[in-house]
Amino acid sequence: MIFFDMITKLKVYERISAETFVKYLNNNKNKLYTILKYKKLVNYYDKEIANILIPWEGTCGILISKYLINNNQELCIPKSFSIEEFNKIFDNYIQSDSPNLNYLQAIMNAPNLKECPISDNLRYKAKVRYTELINRNFNEKEAIKSEYIVQFREQENLFDSNINGGIANLSFDINWLERYLDYPTIFK
């Protein structure tokens, strides 16, 4: 966060082209949540951030955190988001392969907010999907599935992760692990 504090405080972002910023975000989507805490950055790159957030699967969680569950005031959402885009984000999430039951519940019980409009149709879709998942996962004695794959292999990064559906694929650099076998280093 110190990095973005300096960028905003010194207004360095005014010298970073929109194209460069978009390239950075596309390669570091895990930084979006952090960037949304900086109002100046969000306002300056409003459309660029919005264009990245709209198709990204993590956006629904950010919107729910901001408006429906935590009322997270420190997050700034691009002002260029339209009602249709909010609805599209929530609709895509509801129809996704493995939506979070708590998020579905938040959508179906969402109050009418001007900042985060959720249509009655979306609330209904969330309720239907929630009921479907509850019935499938808890009434048919089928548990919610999650799978972890841990790999030790030669790679550039110390640690890589990828989550697809209910499968988390975690990989660690074997060369680093072989060099640093002491417990304090490994468990950092």
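Values in this text are rule-based calculations from the coordinates and carry no lab data. These numbers come from a predicted model, not from an experiment. Here the Cβ positions follow ideal geometry from the backbone for every residue, glycine too, while neighbour counts run over all protein chains shown.
A few notes on this one:
- Taking trypsin sites (Lys or Arg not before Pro) across region 91-138, the ones in a DSSP loop with at most 10 further Cβ atoms lying within 10 angstrom of their Cβ are Lys114.
- Neighbour-count ranking [beta-carbon atoms within 10 angstrom, fewest first] of Thr131, Thr59: Thr131, Thr59
- Value of Rg/Rh across the chain [Cα atoms, Kirkwood radius]: 1.03
- Max mean-square fluctuation residue, GNM over the chain, Cα-Cα springs under 10 Å, options Leu158, Leu63, Leu122: Leu158
- Over the C-alpha trace of region 147-186, radius of gyration and Dmax come out as 11.4, 34 angstrom.
- Over region 57-117, volume per residue of the alpha carbon convex hull, in Å³: 80 Å³
- Under a Gaussian network description of the chain, with springs only between Cα atoms under 10 Å, the residue in Asn51, Asn100, Asn157 that fluctuates furthest is Asn157.
- With θ taken as phi - 60° and the Karplus curve 6.51 cos²θ - 1.76 cosθ + 1.60 applied, the whole-hertz 3J(HN,Hα) list for region 85-95 is 5, 4, 4, 5, 4, 5, 5, 4, 5, 4, 8 Hz, x standing for glycine and proline.
- Under 19 Å from the Ser98 label point (7 Å along Cα→beta-carbon), backbone N, region 48-89: 56-62
- Between the exposed loop cleavage positions of the chain, defined as GluC sites (Glu not before Pro) in a non-H, G, I, E, B DSSP state with at most 15 neighbouring beta-carbon atoms within 10 angstrom, the longest gap is 1-56.
- Measuring between alpha carbons in the structure, the pairs from Lys9/Lys88; Lys39/Lys114; Lys39/Lys127; Lys9/Lys66; Lys66/Lys127; Lys23/Lys114 lying more than 30 angstrom apart are Lys9/Lys88; Lys39/Lys127; Lys23/Lys114.
- Per-residue ³J(HN,Hα) for region 14-21, Karplus 6.51 cos²θ - 1.76 cosθ + 1.60, θ = phi - 60°, Hz, x for Gly and Pro: 5, 9, 9, 5, 4, 4, 5, 5
- Fluctuation leader among Asn164, Asn121, Asn109 - the chain, Gaussian network, Cα springs under 10 angstrom: Asn164
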